[in-house]
Amino acid sequence: MRIRVGYEMTYFCPQETPMILTVGIHYSRASDVIAPDYLTSDPAVPVAGYRDGFGNWCTRIVAPAGSIRIRGDGLVRDTGQPDVAAPSACQHPVEDLPEETLVFLLGSRYCETDRLSDIAWSHFGHTDPGWTRVQAICDFVHNHIVFGYQDARATRSASEAYHERIGVCRDYAHLAVAFCRCMNIPARYCTGYLGDMGTLPPYGVGDFAAWIEVYLGGHWYTFDPRNNVPRIGRVLIARGRDASDVAIATIFGTAILEKFEVWTDEIAEDVTAVLGSGKYQV
């Protein structure tokens, strides 16, 4: 299948304002990219890029005073297969974990393992280690938090999500990540595109999505405590310890968001997709 992904954001800045934007398709999907989602802006400004400590592609700009439109529009090839399930995947003893996974056992800005450790062990200490335990965590989080865009709060932590029992997809992800780490299972936070392909209406407003990846049986596996069912068409943008590592926009000054739009649409094989200022035959 072919998936068109993209975003458009308009900010008003009272003065020149540096920004770091993490909005590009992740390098792990490079071989699937049919049309790149290059970041463009109106007015045009110089663009620089770098890879952060987690391998995510970050773009640096200085927005001028006034309004700036930032946009990306790409086309990605996808298998159309649901998230991989491996119910027999085992949990590794901490001493056997690869060094690169250990950072994802530690507490972080939004995932306070110190505050949630006792709670996690009381809920999940009786479960079988491995896939069964992670699924139990996702089941609990899915049922514990009530989803609502009106309840979004950028500063809400996993501990606060547990006690408040409301939130959006990032809150589900933070709480599940924190619980996994409390149970000595490496877990990392992911952000990207997740459309409605394969689901029944009504469909929600387009937005970036958050899910988690957990290290079991020598591999990283996708879990989605918000939806809690295997889904198709995920397109990763970035992964890190929590949302603070993968913020879509990090702004060094005042910027008022005037427009925000995200799209994730399946494109039929026999049509021409209009991307940015041109077209791409698929």
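The values are calculated or read from the model by the stated rules, or taken from the named source; none is laboratory data. Remember, it's a predicted structure, so these values are computed and weren't measured experimentally. In this analysis, Cβ positions are derived from the backbone assuming ideal geometry, glycine residues included, and neighbour counts consider all displayed protein chains.
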Hits in region 61-93 - residues which are touching a Phe, Trp or Tyr at 6+ places or on another chain (Cβ under 7 Å), more than 19 Å from Leu236 (Cα to Cα) and surrounded by 14 or more Cβ atoms within 10 Å (Cβ to Cβ)
Ala63, Ser67, Ile68, Ala89
So Leu75, is it of a type in the set (A, V, I, L, M, F, W, C), under 19 Å from the mean Cα position of the chain (by Cα) and closer than 29 Å to Ile3 by Cα:
yes
Check His126 against each of (1) more than 22 Å from Ile232 (Cα to Cα); (2) without any contact (Cβ under 8 Å) to a residue 24 or more places away in the chain; (3) assigned to a helix (DSSP H, G or I); (4) of a type outside the set (D, E, K, R) and name the one condition it does not meet.
(3)
Select from region 94-111 the residues that are surrounded by fewer than 19 Cβ atoms within 10 Å (Cβ to Cβ) and under 26 Å from Gly167 (Cβ atoms) and write down the one among them that is nearest to the chain's Cα centre (by Cα).
Arg109
Looking at region 119-171 only, could you name the residues that are more than 27 Å from Ala247 (Cα to Cα), of a type in the set (A, V, I, L, M) and surrounded by 17 or more Cβ atoms within 10 Å (Cβ to Cβ)?
Ala136
When you go through Asp42, Asp32 one by one, which is the residue that is charged (D, E, K, R), exposed (fewer than 15 other Cβ atoms within 10 Å of the Cβ), more than 30 Å from Met183 (Cα to Cα) and in contact with a strand residue (DSSP E or B) (Cβ under 8 Å, 6 or more places away or on another chain)?
Asp42
Please determine, by comparing only the residues of region 150-172 that are assigned to a helix (DSSP H, G or I) and free of Cβ contacts under 8 Å to residues at least 40 places away in the same chain, which one is nearest to Ala210 (Cα to Cα).
Asp171
Only residues that are of a type in the set (A, V, I, L, M, F, W, C) and out of contact with any strand residue (DSSP E or B) (no Cβ under 9 Å at 6 or more places or on another chain): list them for region 152-170, please.
Ala154
Please tell me if Tyr50 is assigned by TED's automatic domain parsing to the domain that holds Glu269, under 18 Å from the mean Cα position of the chain (by Cα) and surrounded by fewer than 14 Cβ atoms within 10 Å (Cβ to Cβ).
no
Sort out which residues of region 8-29 are in contact with a Leu (Cβ under 8 Å, 6 or more places away or on another chain) and either surrounded by 14 or more Cβ atoms within 10 Å (Cβ to Cβ) or assigned by TED's automatic domain parsing to the domain that holds Phe208 (or both), and write them in order of number.
Met9, Thr10, Tyr11, Leu21, Val23, Gly24, Ile25, His26, Arg29
Quick one: Thr127 ticks every box in (1) over 20 Å from Tyr215 (Cβ atoms); (2) modelled with pLDDT of 95 or more; (3) among the hydroxyl-bearing types (Ser, Thr, Tyr) bar one, so which box is it?
(1)
